[in-house]
Amino acid sequence: FVTISLICASRQQAETAFSLAWEGIRERIGIFDRHNPGSALGLLNSQGKLDAAPAALLTVLEQAEQVGQLTKDAFNPAIAPVVDLYHPYRDGARLPDKQAVAEALALAAPGGLRRSGQNLHLTRAGMSLTLDGIAQGHIADKAPALPSQFGVAHHLTTAGGDSRVHGLPDKGRRWAMVRE
């Protein structure tokens, strides 16, 4: 969940800044949503390659690689086939058998993503990535800068429990919450 609180000279400025900030947040979500076949990550997963990947996707993949190295591959975006295998919302699903788990884990082995400039390639058929464990943080980190880009000097953004404040409300004023 993301909330944005703004202090502006006018309601019109607040509504404009709020709308434009949400547009920027939605744009980033549209890059990382692996369940959306039209997102950059969705296209990479379904086609096994993505040419001219968005800069935000490349940045988050680099961060994921760094976290993977720091954790000795305990953090692994290629774990998506395993996550899908255990997806808790399948009606009547039973625990997968050992063979299915072994096959999914093989797809998740490190080193299956290749990058050449802005082009990405998954080297194993059936391999897919999830950035759910890191993309939300990226969006939360970028969201607070959006109102400032639209001339709002005083705002509070809360995303996933993390809050970021720019400026302060005038003495005697409160943060006003506008929700979408």
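Under the simplified labelling scheme, the ARG94-ALA106 pair shows an inter-label distance of 2.2 nm, with each label point 7 Å from Cα along Cα→Cβ. Packing, as the average of other Cβ atoms within 10 Å across residues, places the peptides 101-109, 149-157 in the order 149-157, 101-109, highest first.
Surface analysis of the stretch 1-158 yields an accessible area of 57 Å² per residue, using protein heavy atoms and a 1.4 Å probe.
Only one item in (1) 85; (2) 125; (3) 148 matches volume of the Cα convex hull per residue in Å³ derived from the coordinates shown, and that item is (3). What does the charge count around ARG34 come to, taking other residues whose C-beta lies under 15 Å from its C-beta (Lys +1, Arg +1, Asp -1, Glu -1)? Computed value for this residue: -2. The chymotrypsin sites (Phe, Trp or Tyr not before Pro) of the stretch 1-36 that meet both conditions, a loop assignment by DSSP and at most 15 other Cβ atoms within 10 Å of the site Cβ, are PHE1. When a 1.4 Å probe is rolled over the protein heavy atoms, the share of accessible surface on the chain that falls to carbon and sulfur comes to 53 percent.
Helix-only mean residue ellipticity at 222 nm, the chain, DSSP H runs n ≥ 4 weighted -39,500 (n - 2.57), per residue, nearest 500. What is it? Mind dumping the intermediate values first?
Details: 7 runs with 78 residues, N = 180.
Helix contribution divided over all residues of the chain: -13000 deg cm²/dmol.
Anyone know which of LYS49, LYS98, LYS142 comes out most mobile in the 10 Å Cα GNM of the chain? Highest fluctuation among the options: LYS98. Cα centroids of the stretch 27-55 and the stretch 97-141: 12 Å apart.
Counting only lysines at least 8 places from LYS98 when in the same chain, those with an alpha carbon closer than 25 Å to its own are LYS72. Residue farthest toward the positive end of the dipole of the chain, with Cβ of Lys/Arg at +1 and Asp/Glu at -1: which of LEU50, GLY117, ALA17? The Cα lying farthest towards the positive end belongs to ALA17. When only Cα pairs below 8 angstrom with a gap of at least 6 residues are kept, the stretch 1-49 shows a relative contact order of 17 percent. Is the C-alpha gyration tensor of the stretch 22-110 telling us rounded, prolate or oblate? Criteria: a/c under 1.5 is rounded; beyond that, a/b larger than b/c is prolate, otherwise oblate. Since a/c reaches 1.5 but b/c is at least a/b, the shape of the stretch 22-110 is classed as oblate.
Positive end of the dipole of the chain (Cβ unit charges, origin at the Cα centre): among GLY30, HIS155, ASN76, the Cα lying farthest that way belongs to HIS155.
For ASP132, neighbours were defined as the other residues whose beta-carbon sits under 13 Å from its Cβ, and their charges (Lys and Arg +1, Asp and Glu -1) total -1.
The values are calculated or read from the model by the stated rules, or taken from the named source; none is laboratory data. If you're wondering where the values come from, they're calculated on a predicted model, not measured in any experiment. Using ideal geometry, Cβ is built from the backbone for each residue, glycine included, and neighbour counts are taken over all protein chains shown. For the accessible areas, the whole protein counts, side chains as well, though only heavy atoms, and no ligand, DNA or RNA atoms are used. Shrake-Rupley method; radii C 1.70, N 1.55, O 1.52, S 1.80 Å.
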